[in-house]
1. Taking 0.36 nm per residue of separation and subtracting the Cα-Cα distance, what length does fully extending CYS89 through PHE37 add?
2. Only Cα pairs under 8 Å and at least 6 apart count here; give the relative contact order of region 20-85 as a rounded whole percent.
3. Give the calculated FRET efficiency between ARG126 and PHE29 to the nearest 0.05, with a Förster radius of 35 Å applied to their Cβ-Cβ distance.
4. Taking the dipole about the Cα centre of region 123-229, with the C-beta of Lys and Arg at +1 and of Asp and Glu at -1, give me whichever of LEU125, LEU141, GLN180 is farthest to the positive side.
5. How large is ³J(HN,Hα) for each residue in region 174-183, as worked out from phi by the Karplus curve 6.51 cos²θ - 1.76 cosθ + 1.60 (θ = phi - 60°), to whole Hz, x for Gly and Pro?
6. Treating only the Cβ atoms of Lys and Arg (+1) and Asp and Glu (-1) as charged, compute the dipole magnitude of region 20-85 about its Cα centre; round to the nearest 20 debye.
7. Can you work out the FRET efficiency for the pair ASP188 and ALA279, with r the C-beta to C-beta distance and R0 = 22 Å, to the nearest 0.05?
8. Give me P(r) over region 20-85, computed from all C-alpha to C-alpha distances, binned every 5 Å, as integer percentages.
Amino acid sequence: MEAERELGCTILPARTLRASDKFAVERAFGGIKTLLFEHLLGSTGTDVADRGADPERDAVLTLAQMENLIASWIVKIWQNRILGEYAPCWGPGEGHSPNSLFVVAMQQGGWSLQIPEPQSYYKVLRKHRVKIHPRRGVKILGLYYRSEVLDDPRYLLPSERGGKHAGKWVVHSDRRDRRQAFFQDPVDHDTWHTLRWTGLPPEGEVPAFSDKSAAALLAEVRARKLAPRSDEELLPVLVELLGVTTPVDQWPTQRAKRERKRDRAARSRESERAGQAAADRAKATEPSPPPGGPASEVTRAVDSSRRRRREAAARREPVAPPLLHDSLRRPGLFLLPPVTDLPEDRPSKESM
């Protein structure tokens, strides 16, 4: 509904559990189910009595193949079907289809193409009314986000907003990727600032995580009775929940054969949603994603997490031991230095 408001669409409210209020939508989904889904292998249906013996084994279409199949079916069959009793009253017996009605509508009213602006992506995201902390940034659903932009003195004061959320600032977040949030400049509304999660390392990569993983992270922290001083201490727990901080025999390359199908699907789904969220943003302001898929992201996260822990454990740079021939050439500790090595200001025996 928020996206429809931003795009200027007309919203017709419907009552809950009242199919008669949105009969056109329900009829469309019912037609897709009876005309297409019931003829596919692995169809489960709305009733368990309609399912086969093993529907998951019969499912052979990937998500991309399913999307292509539905789009092709809509173009070739759904839009070309004869409406029958649903034909318009001004054309009885003419055999109209949705495509023919679309052509008639374009001839009557024309076509006005409007390309949405790249900033439309940020406007339709979920809104949060929060206060800006001087040092930690903004807190969104238990996680803190910050950027150098928030150091501006005007953001340290309450917002000029009134009403129910008086004095608060509006920050947008994407459910699919919780690694960053977005803040609109109050002066230049076409400028959006990216607020990074304070738990992200300055270097290295962290796999994308959604609202579900963020809620699991906070629940795990409460279960362990941890009191982190900053979100940087939450990163090891998040990496552990994502399944990357594991023994060698359970690394992603070794665990792929034994891992449950549900876990692999959930991880792939989060990575796909994060990639889709990055594609929805303006390409000019976003860096190019690293090559590889979810497996390469997990591998890079493992390496960067271990490197940071090693650097934190070693407070000073280790010094290599001297070579054997260098130690043999050094003079003994109990040998007196020669006379030539004495300082000039120190009197010798002859002068005394």
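A short reminder: the numbers here are calculations on the coordinates, not readings from a lab. What you see is a predicted model; the values in this text were computed from it and never measured. Cβ sites come from the backbone with ideal geometry, for glycine too, and all protein chains shown count toward neighbours.
1. 15.6 nm
2. Relative contact order of region 20-85: 18 percent.
3. After rounding, the FRET efficiency stands at 0.85.
4. Comparing the listed Cα positions along the dipole, LEU141 ranks first.
5. 3J(HN,Hα) across region 174-183, in whole Hz: 9, 5, 6, 9, 9, 6, 8, 10, 10, 10.
6. The calculated dipole for region 20-85 is roughly 260 debye.
7. 0.35
8. 3, 14, 20, 24, 18, 13, 6, 1, 0
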